[in-house]
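Reading through the structure tokens given below for one structure.
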Amino acid sequence: MLAYQHAYHAGNAADVHKHALLSVMLARLTDKPKPLWYCETHAGRGLYALDSAEARKTGEAAAGIERALAAGWFAPDHPYLHALQAVRAQAGPAAYPGSPLIAATLLRPDDRMVLAELHPAEHAALSDCLAHRAEVSRSDGAALALARTPPTPRRGVMLIDPSYELRGDYAAMPRLLADLHRKWNVGVLALWYPVLEGPEASHRAMTAALLAAGYPKLLHSEVRFAPARPGHRMVGSGLFVVNAPFGLAEEAARLEALFAAR
Ligand code: SAM
């Protein structure tokens, strides 16, 4: 039973961290005139409305994208801002692009996109949004990722962004990354996770396992922020990137400094 719906959290502080780094990664990789394969294991619905009942119920975008825009975190030529503005020009000023729509905006026509989303309503919305551009599959993301790697072309990026609804997800992610890296050693693998507070901070064993695994060109970026509501356990956002593209570490350091200073 899938309960998580990203519409309640779209544009929050964790999205700003994850989506800004994803955008810079894609901008660097599309600099070279070679085709790219892009895959998401947990895609979400692609397009969100920050004035929807779900988004207004939590108000999380106020401390996320709205605050970052007001503070001028992103220069006019930043690819995240470019994707946001391109989507807003089409879908209106309250629109917010999820990761697959950001990717669709930044990738070139010859780059292939494969997206997995298991929730029926999220899958239907994602199909409405991106079936004209991507292969949209209602399947388990890990199974799809393993079935499709190594891809053609071999140059590519995979974003793994689970909702961590199942406790077993934290233990499963290091195994999934190891299996994917074994099959596709040149792939850029990006894994997002929530930084949790409290005695049951399940992400800690996962991050320790990933740091010990000896991945090449590993980027590990974590930022902290105030919980969205009193008692909410997510107090930060983390991203691991295996085979991180050149220049990503600088953007991660810039974002970490901005989050730390606010
Ligand atoms: N990546 C999106 C973004 O940044 O815009 C957000 C994705 S949201 C955190 C996680 C999504 O994974 C949810 O829409 C959920 O329905 C979906 N999901 C959960 N378990 C899944 C699975 N085993 N395979 C594919 N999708 C899954």
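When the range 153-171 is filtered for residues that are near the ligand (Cβ under 10 Å from one of its atoms) and in contact (Cβ under 8 Å) with a residue 24 or more places away in the chain, the ones remaining, listed by number, are Leu159, Ile160, Asp161, Pro162, Ser163, Tyr164, Glu165. Among the helices (runs of 4 or more DSSP H) confined to the range 23-142, the ones with at least 2 residues that are under 18 Å from the mean Cα position of the chain (by Cα) and surrounded by 16 or more Cβ atoms within 10 Å (Cβ to Cβ) are located at 65-70, 79-91, 99-106, 120-130.
Could you list, in sequence order, all residues of the range 135-145 that are farther than 18 Å from Asn243 by Cα and within 13 Å of the ligand (Cβ to nearest atom)? Result: Val136, Ser137, Arg138, Ser139, Asp140, Gly141, Ala142, Ala143, Leu144. Out of the residues in the range 143-166 that are part of a helix (DSSP H, G or I) and in contact with a helix residue (DSSP H, G or I) (Cβ under 9 Å, 6 or more places away or on another chain), state the one that is most open to solvent (accessible area, probe 1.4 Å). Ranking the qualifying residues of the range 143-166, first place goes to Leu146. The set of residues in the range 105-120 that are under 21 Å from His6 (Cα atoms) and in contact (Cβ under 8 Å) with a residue 40 or more places away in the chain comprises Met113, Val114, Leu115, Ala116, Glu117, Leu118, His119.
When Ala244, Ala252 are checked against the criterion of being part of a loop (DSSP other than H, G, I, E, B), in contact with a Leu (Cβ under 7 Å, 6 or more places away or on another chain) and surrounded by 19 or more Cβ atoms within 10 Å (Cβ to Cβ), a single residue qualifies: Ala244. No other residue among Ala62, Ala121, Ala104, Ala43 is over 28 Å from Leu144 (Cα atoms) and modelled with pLDDT of 95 or more apart from Ala62. Being open to solvent by 10 Å² or more (accessible area, probe 1.4 Å), in contact with a Phe, Trp or Tyr (Cβ under 9 Å, 6 or more places away or on another chain), in contact (Cβ under 8 Å) with a residue 12 or more places away in the chain and within 12 Å of the ligand (Cβ to nearest atom) is a property that Tyr4 has.
Every listed requirement among (1) surrounded by 15 or more Cβ atoms within 10 Å (Cβ to Cβ); (2) under 27 Å from Arg28 (Cβ atoms) is met by Asp169 save one, (2).
The residues on offer are Leu101, Leu126, Leu130, Leu107, and the sole one that is within 14 Å of the ligand (Cβ to nearest atom) and closer than 23 Å to Leu239 by Cα is Leu101. Of the residues making up the range 29-72, those that are in contact with a Phe, Trp or Tyr (Cβ under 6 Å, 6 or more places away or on another chain) and under 30 Å from Glu135 (Cα atoms) number 3.
The values are calculated or read from the model by the stated rules, or taken from the named source; none is laboratory data. Here the structure is a predicted model, which is why all the values come from computation and not from measurement. Cβ atoms come from the backbone with ideal geometry, glycine included; neighbour counts cover every protein chain shown. Just the protein is used for accessible areas: all its heavy atoms, side chains included, with ligands, DNA and RNA removed. Shrake-Rupley method; radii C 1.70, N 1.55, O 1.52, S 1.80 Å.
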